[in-house]
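Values quoted throughout were computed directly from the atomic coordinates according to the rules given, and no laboratory measurement underlies them. What you see is a predicted model, and the numbers here were worked out from it, not measured in a lab. Ideal geometry is used to build each Cβ from the backbone, glycine not excepted, and the neighbour counts take in all protein chains shown.
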Amino acid sequence: MEDLVFDREHPLYIEDATKHPNVYSARTDTSTGFLTDLIHQYTPWDPTGYTVPAYSVDKCTVIRASLFDSAGNCLDSITGSYFIGFQGKNVCQNIYTASIVTPPKNLFDHDIGIYVTGSTFDLTLEENLHKEITHWYLWPSNYFNRGIDWERGAYITLFDNHQTPIMSQKCGIRIKGGGSRGLLPKSILCYARTEYSGHDTFETDIFKDNAFPNKIILFSGGNDNIFKAKDYLVNTLAHDLHFATMQFIPCALFLDGEYWGMHYITENYSAEYIHNHYQVARDNIIMIKNGSAPDILAEGMEDDLQLYKEMVDFICEHDMTNGDNYNQACDFIDIDSYIDYYATQIYIANSDWPHHNFALWRTKTNDGSLYGDTKWRWMLFDVNYGGPGSETLPMDSLSNALELDPAFSSLYQNEEFRHKFAERLLYIGREVFSPEKCNLFIDQYTQTLKAPLSASNKRFYMDEKSDEFEQYVTDMRTFFAERYDVVWDFLVENMGEEWLAQNGIQK
């Protein structure tokens, strides 16, 4: 729409914008997945089937209004997203809606756009890097660039599941994730900063926990980006265990007015998250995160990384069958947090762990509070690559963890640890991920999200994937119906039936 001077006598008329031609959703430079000829030539992996929608995607009307003084100086600006004719539409039925508005060049410009392959991919072709990387979705592109230079100013508006606006705020946006940056849709990390809005937090208690986050994620599902259930289920059901989890709010996303698929509004692990959830000072926090970023020190000073290394080195280099050594290890770590976290990852058969996708935190100094005791505590994230499903059901993930994680293998030699670990692993299977609880969650997930997911998949694949959805749900139910027996069998194989019986551990 062209710029207009506001006239009370001739107000703007707004109608359902869906009938207007697709603009941004018609682009094919948002993922290397569209480059089918290159993919077939250089990788063993099939393309995803991405296609631009052959129909008019749902659209909202974006209006930006600015106030100018007599000299032509802009005094203030506001942005509004208006959804006309959306009653009953599947895209946002019974879920939240988010609208992100930013100058289109911030997302789609060849040189500075954060959502496109762009000039970074041009360099990839020029230097033949695509020939050396077998996964097409990892080919270097603009959306893999990181840091403040690849953050863009934007305006975000959130509506709850009753279509009531609950937040409108300027913020910064970046692409979020690891390999999933090359997929569609992508996760977007939103930053509250004073230079954008005058506030360093979002001014809404989004997650209803009496906290105001400084970062939120519009999470696409990662590698589970078609049906998007794994992270949602595991984080929700494991919420009361002794490690950090995230909340998930299903949400339809619109980018510059065009529908962009189903996402989740989720929390972001940071010093602010830890302060809000554990009541420790922000400047007294060290957080280690190994996943998409090469640097595992996520919060704290460079010297603080040594504290993490000292903990790992001590556990790996000392005999944990010695009681004094094990007690010292328990002074380093919250053993309940460690055991619950490892037992959960092993039970759900996360195959993209423990070699990466782990996170933990501690305070630098003891502040006398419950969680300010300088012990390391664990944080769950990114369980979408492997996790619950038909392929991972038979996996002996205990043996995998013992093979891949020297610290876990060392602690496992201690009988007290092994006894508690076995008990918690079985408890988590019986109580946290029982078939009854998982089926109830899957029932609710299906009832609420089947229609929005169908709309989301039609947007990116021209296919609602209804049959695949039913198979996905069946596989999830089967996993939790049968996983407990599989876990018991590999416990017997790893620990011995006699040892389990002697220690009172029963199926």
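Just how large is the dipole of the chain about the Cα centre, in debye to the nearest 20, putting +1 at every Lys and Arg Cβ and -1 at every Asp and Glu Cβ? Provide the component values of the computation, followed by the final result.
Details: 39 positive and 74 negative charges, 265 e Å.
Using only the charged Cβ atoms, the result is roughly 1280 debye.
By count of other Cβ within 10 Å, fewest leading, how are 488, 139 ordered? Don't jump to the answer; show the numbers that get you there.
Details: 488 18, 139 26.
Listed from fewest to most nearby Cβ atoms, that is 488, 139.
Could you run the Debye sum over the Cα atoms of region 214-369, one equal point scatterer each and no solvent, and tell me log10 of I(q)/I(0) at q = 0.13, 0.17 Å⁻¹, two decimals?
-0.73, -1.18
Using the Kirkwood radius built from alpha carbon pairs, what does the Stokes-Einstein equation give as D for the chain at 10 °C and 1.306 mPa s, in µm² per second? Please report the intermediate quantities before stating the final value.
Details: Rh = 24.7 Å.
Rounded to a whole number, D works out at 64 µm²/s.
Of 21, 137, 67, which is farthest on the positive side of the dipole of region 17-267, counting Cα position, with +1 on Lys and Arg Cβ, -1 on Asp and Glu Cβ, and the Cα centre as origin?
The residue sitting farthest along the positive end of the dipole is 21.
Taking the Cα centre of region 323-472 as origin and charging only Cβ (+1 Lys, Arg; -1 Asp, Glu), how large is the dipole, in debye to the nearest 20? It would help to have the intermediate numbers written out before the result.
On the way: 13 positive and 24 negative charges, 79 e Å.
Approximately 380 debye in magnitude.
Find which of 214, 499, 95 sits farthest along the positive direction of the dipole of the chain, computed with +1 on the beta-carbon of Lys and Arg, -1 on that of Asp and Glu, about the Cα centre.
It is 95.
Only four residue types carry charge here, +1 at the Cβ of Lys and Arg and -1 at the Cβ of Asp and Glu. Report the dipole size of region 116-211 about the Cα centre in Debye, rounded to the nearest 20.
Values: 10 positive and 12 negative charges, 33 e Å.
The calculation lands at about 160 debye.
Can you give the FRET efficiency for residue 122 and residue 499, using 1/(1 + (r/R0)^6), R0 = 60 Å, r = Cβ-Cβ distance, to the nearest 0.05? It would help to have the intermediate numbers written out before the result.
Numbers: r = 60 Å, r/R0 = 1.00.
Once rounded, the FRET efficiency stands at 0.50.
Calculate the FRET efficiency for residue 199 and residue 305 from the Cβ-Cβ distance with a Förster distance of 30 Å, rounded to the nearest 0.05.
Working: r = 31 Å, r/R0 = 1.03.
Calculated transfer efficiency: 0.45.
For region 17-267, max minus min Cα coordinate along each principal axis, in Å, sorted largest first?
57, 55, 37
Among 113, 301, 287, whose Cα sits farthest toward the positive end of the charge dipole of the chain (+1 at Cβ of Lys/Arg, -1 at Cβ of Asp/Glu, about the Cα centre)?
Farthest along the dipole direction, towards plus: 113.
Under 25 °C and 0.890 mPa s, how fast does region 94-171 diffuse according to Stokes-Einstein, given a Kirkwood radius computed over C-alpha pairs? Answer in µm²/s, whole number. Don't skip to the end; give the middle numbers.
Details: Rh = 14.5 Å.
Rounded, D is 169 µm²/s.
Using the 10 angstrom Cβ neighbour count as an exposure proxy, how do 231, 46 rank, fewest first?
46, 231
With an 8 Å Cα cut-off and a minimum separation of 6 or more residues, compute the relative contact order for the chain in percent.
Details: 904 pairs, mean separation 67.8, N = 507.
It comes to 13 percent, rounded to a whole number.
By DSSP, what percent of the beta bridges with both residues in region 17-267 are antiparallel, rounded to the nearest 5? Could you put the intermediate results ahead of the total?
Details: 42 of 47 bridges.
The antiparallel fraction comes to roughly 90 percent.
Extension gain residue 470-residue 160, at 0.36 nm per residue separation less the Cα-Cα distance, in nm?
On the way: separation 310, 0.36 × 310 = 111.60 nm, distance 2.75 nm.
108.9 nm is the gain from fully extending residue 470 to residue 160.
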